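For reference, the structure is listed below as structure tokens.
The values are calculated or read from the model by the stated rules, or taken from the named source; none is laboratory data. Here the structure is a predicted model, which is why all the values come from computation and not from measurement. Using ideal geometry, Cβ is built from the backbone for each residue, glycine included, and neighbour counts are taken over all protein chains shown.
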Amino acid sequence: MTKAQAKERVAKLRQVIDHHRYLYHVFDRQEISEAALDSLKHELYRLEQRFPELITPDSPTQRVGGKPLEQFSKVTHAAPMLSMEDVFSPEELAAWRDRLANYLGRELGGFYAEIKMDGLAVSLVYRDGVLAGGATRGDGRVGEDVLMNLKTIEAIPLTLRVPEEKEISAFLKEFGDGIDEKVFRAAVTGHRGRIEVRGEAFMRKKVFDALNREQEKAGLPPFANPRNASAGSIRQLDSSITRARHLDFYGYALLGDFGLSTHEQAHEAMKLLGVPVNPLNRRAADLGEVEKYHREIGLKRPQLEYWTDGAVVVVNDDKLFERLGVVGKTPRGIVAYKFPAEQATTVVEDVRVQVGRTGVLTPVAVMRPVFVAGTTVMHATLHNMDEIDRLGLKIGDTVIIEKAGDVIPKVVKVLAEARTGKEKAFHMPKKCPECGAAVVRRAGEVAHVCPNKNCPAQSLGRVLHVVSRGAFDMQGLGDKIIERFLEEGLIRDAADLFTLRKEDIAKLERFGDLSATNVIDTIHARKSLPLWRFIYALGIRHIGGETAIDLADRFHDIAALRKASLEELTAVDNVGPVMAESLRGWFDDPENAAFVDKLLRHVVIERPKAKSKGPLSGQSFVLTGTLESMSRDEAADRIRELGGSVSEAVGKKTSYVVVGADPGSKFEKAKKLKVPILNEKEFLAIVK
């Protein structure tokens with residue numbers, strides 16, 4: 001075959017392969033078998049190997065990546081990839097619509113309802129119709145360049161398709177209201193300049209199950225859920241691994257001048273361009289149709305080939321959507337209508353007891369694995385003996401567990417009617433399962449406690465707390481490493497970490513010079529830290545990160561805090577009598593005092609910065625639940641930047657309680673004390 005003949009054949013093969021890719025991924029239709037399609041791809045590959053000069057970036061064979069990358073480069077999005085507000089009930093959805101109507105001073109005129117895919121949001125950038133860029137959402141403004149990995153996903157077109165005239169005419173006939181026809185025709189046939197498609201890379205259930213079977217065969221831990229598996233697959237430095245994961249893709253947004261007027265038109269236009277969109281998405285004239293759609297998807301959910309946690313509802317009119325604007329990181333004109341918290345039934349096969357750093361014994365239910373809210377659940381904390389008695393739980397019971405989003409699963413009910421008579425009552429052990437010391441239960445408290453401070457579990461817990469993110473933040477020093485150091489006698493407490501030598505670590509099995517050097521460097525990089533981190537690292541009962549900040553702001557150095565009286569301690573904002581007694585008792589203990597002295601021989605404490613003055617000065621906030629637009633730490637930092645303070649406990653002096661998704665008991669206490677409550681939107685309006 002001559003080069004000219006090969007060039008002609010290669011062009012035809014690419015055309016046929018792209019046609020069948022389009023039919024399969026956009027319309028879920030196959031005209032030829034997968035074996036036949038593979039044969040076409042193989043022929044194309046062999047021709048390109050024979051004539052390498054015929055290889056182009058948009059060839060179907062280029063979905064296989066090249067050499068593994070050393071790291072991802074950063075990509076700044078042309079327009080931010082924003083997050084969404086969540087609603088969980090018809091009432092909340094209606095309240096969202098009413099707010100928008102009031103803001104605009106008119107009715108909205110309809111919505112577009114989409115499946116909320118459980119995957120990873122990505123951006124595809126096409127230049128003159130050819131895929132030239134691909135990035136993760138990242139923080140919304142800056143993502144990671146994962147183009148080579150995205151090119152391995154068969155559903156993503158490497159070149160935008162040019163629709164036939166009859167397709168364009170049919171589109172305009174059905175969806176043409178408000179479209180600038182001249183602009184539209186030029187855009188879909190010419191593909192000039194920059195076109196961006198945003199969508200969700202996801203993993204189908206059967207692919208996820210097969211992947212986990214392979215993980216187990218290889219002796220590796222299974223992936224927790226498809227979302228994590230998808231994100232991990234996209235962020236592989238070796239794109240051949242991504243290709244082996246068989247990810248899929250649905251588009252949900254089209255950026256570029258196409259002369260369109262509605263969100264529905266954008267979805268239909270993506271199909272013309274060869275971009276697959278979810279066939280279950282549809283226009284809804286009003287919230288009644290949105291509710292109907294939400295119910296239908298909820299019923300279909302178990303049979304769907306992928307995981308979803310709700311529906312996305314968008315104001316369909318593009319001009320109205322733009323007029324509504326953005327609040328914080330959330331566009332007003334879009335909302336995620338989540339499904340309610342998922343529940344499932346399983347059997348409690350055992351109750352095991354864990355010993356924490358303070359000696360508290362926590363019973364944990366060991367259950368038959370069950371898939372709920374996108375995660376396989378095997379364990380759930382039972383908190384304490386009082387909770388077990390309240391539930392009436394026995395080993396062998398059938399129970400209902402509940403898990404909403406990323407919240408820790410909990411046992412909500414025992415199905416006593418499912419008992420067989422073989423169930424066994426659980427009793428808290430009289431001796432610590434780790435060290436054998438007699439367990440005590442302090443008067444007026446629910447916790448059972450191991451009083452032995454030298455208990456191995458407590459020693460491990462204390463060191464892990466010191467190196468944790470909120471304290472010394474020694475990333476890389478995990479449970480296994482710290483446990484090994486304790487077992488080998490290299491350390492007795494966290495202060496001993498600073499006396500470790502590289503040669504002590506390198507001689508341990510599975511360690512070497514490089515890993516030992518990394519450990520030493522990590523430790524020494526944390527020899528200087530703010531006072532509040534030092535206070536938090538001590539692991540004093542009832543003293544969390546926010547209280548540690550309040551104490552640092554008041555006393556400025558550790559010496560002053562160590563000798564502070566109960567009266568001085570309770571005078572600190574958000575520190576009550578229980579906290580004060582815990583602090584005073586901890587510092588009065590000779591062993592604790594010796595540990596602080598030992599730690600201070602290796603650590604320099606930075607003096608606290610002067611507290612910011614700003615519009616929130618004198619106001620105290622409590623945060624509860626999960627915020628969509630930022631983490632709780634980011635929210636707390638923003639409050640402090642504006643002069644406010646953040647507390648861990650709700651009291652009569654609390655100015656506001658900020659409530660996110662799945663709030664805890666602080667929400668209920670705020671209502672009881674009639675403390676003003678802010679939802680995320682109201683909070684953002686204050687701190688924006």
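The table below gives the values:
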item: In the range 641-686, the residues that are part of a helix (DSSP H, G or I), crowded, with 20+ Cβ neighbours inside 10 Å and either at pLDDT 90 or above or among the aliphatic types (A, V, I, L, M) (or both); result: Ala670, Phe683, Leu684
item: Filter result (buried (at least 17 other Cβ atoms within 10 Å of the Cβ) and not basic (Lys, Arg)) within the range 629-640; result: Ser629, Met630, Ala635, Ala636, Ile639
item: Helices (runs of 4 or more DSSP H) contained in the range 131-232 and holding at least 2 residues closer than 23 Å to Pro60 by Cβ and of a type in the set (A, V, I, L, M); result: 147-150
item: Which numbered condition Val446 misses (of (1) without any contact (Cβ under 8 Å) to a residue 60 or more places away in the chain; (2) in a loop (DSSP other than H, G, I, E, B); (3) not hydroxyl-bearing (Ser, Thr, Tyr)); result: (1)
item: Boolean, Asp521 is exposed (fewer than 15 other Cβ atoms within 10 Å of the Cβ), of a type in the set (Asp, Glu) and assigned to a helix (DSSP H, G or I); result: yes
item: Restricting the range 348-373 to residues that are modelled with pLDDT under 90, of a type in the set (A, V, I, L, M, F, W, C) and touching a strand residue (DSSP E or B) at 6+ places or on another chain (Cβ under 6 Å), the residue that is surrounded by the most Cβ atoms within 10 Å (Cβ to Cβ); result: Ala373
item: Cβ-Cβ under 6 Å pairs, at least 6 apart or on other chains, the range 1-25 side surrounded by 17 or more Cβ atoms within 10 Å (Cβ to Cβ), far side among the basic types (Lys, Arg) and in a helix (DSSP H, G or I); result: none
item: In the range 492-518, the residues that are closer than 19 Å to Gly461 by Cα, in a loop (DSSP other than H, G, I, E, B) and among the acidic types (Asp, Glu); result: Asp493
item: Yes/no for Val355 being outside the structural domain of Trp96 (by TED's automatic domain parsing), among the aliphatic types (A, V, I, L, M), out of contact with any Asp or Glu (no Cβ under 7 Å at 6 or more places or on another chain) and within 30 Å of His427 (Cα to Cα); result: no
item: Candidates Arg501, Arg442, Arg510, Arg462 - the one that is out of contact with any Gly (no Cβ under 6 Å at 6 or more places or on another chain), within 26 Å of Val603 (Cα to Cα) and not polar (S, T, N, Q); result: Arg501
item: Among (1) assigned to a loop (DSSP other than H, G, I, E, B); (2) among the β-branched types (Val, Ile, Thr); (3) over 30 Å from the mean Cα position of the chain (by Cα) - the single one Val578 does not satisfy; result: (1)
item: Among (1) surrounded by 15 or more Cβ atoms within 10 Å (Cβ to Cβ); (2) within 30 Å of His294 (Cβ to Cβ); (3) in the same structural domain as Ile234 (by TED's automatic domain parsing) - the single one Asn102 does not satisfy; result: (1)
item: Criterion: modelled with pLDDT of 95 or more and among the aliphatic types (A, V, I, L, M) - qualifying residue of Leu108, Leu104, Leu172; result: Leu172
item: Failed item, numbered, when Tyr337 is tested on (1) within 23 Å of the chain's Cα centre (by Cα); (2) surrounded by 20 or more Cβ atoms within 10 Å (Cβ to Cβ); (3) part of a loop (DSSP other than H, G, I, E, B); result: (3)
item: Filtered residue count, the range 284-326, keeping only those that are among the aliphatic types (A, V, I, L, M) and not in a helix (DSSP H, G or I); result: 9
item: Residue in the range 244-264 that is surrounded by the most Cβ atoms within 10 Å (Cβ to Cβ), counting only those that are in a loop (DSSP other than H, G, I, E, B) and not hydrophobic (A, V, I, L, M, F, W, C); result: Arg245
item: Per-region count, the range 559-573, residues assigned to a helix (DSSP H, G or I) and either touching a residue at least 60 places away in the same chain (Cβ under 8 Å) or surrounded by fewer than 19 Cβ atoms within 10 Å (Cβ to Cβ) (or both); result: 7
item: Number of the exception - Val439 against (1) touching a residue at least 12 places away in the same chain (Cβ under 8 Å); (2) surrounded by fewer than 17 Cβ atoms within 10 Å (Cβ to Cβ); result: (2)
item: Residues located in the range 581-632, provided they are outside any loop (DSSP other than H, G, I, E, B) and of a type in the set (Asp, Glu); result: Glu581, Asp588, Glu591, Asp597, Glu606
item: Thr376 being assigned to a loop (DSSP other than H, G, I, E, B), among the polar types (S, T, N, Q) and either surrounded by 15 or more Cβ atoms within 10 Å (Cβ to Cβ) or not assigned by TED's automatic domain parsing to the domain that holds Gly664 (or both); result: no
item: Flag for Ala685 being out of contact with any Gly (no Cβ under 7 Å at 6 or more places or on another chain) and small (Gly, Ala, Ser); result: yes
item: All positions within the range 443-463 that are in contact with a strand residue (DSSP E or B) (Cβ under 7 Å, 6 or more places away or on another chain) and more than 30 Å from Phe498 (Cβ to Cβ); result: Ala447, His448
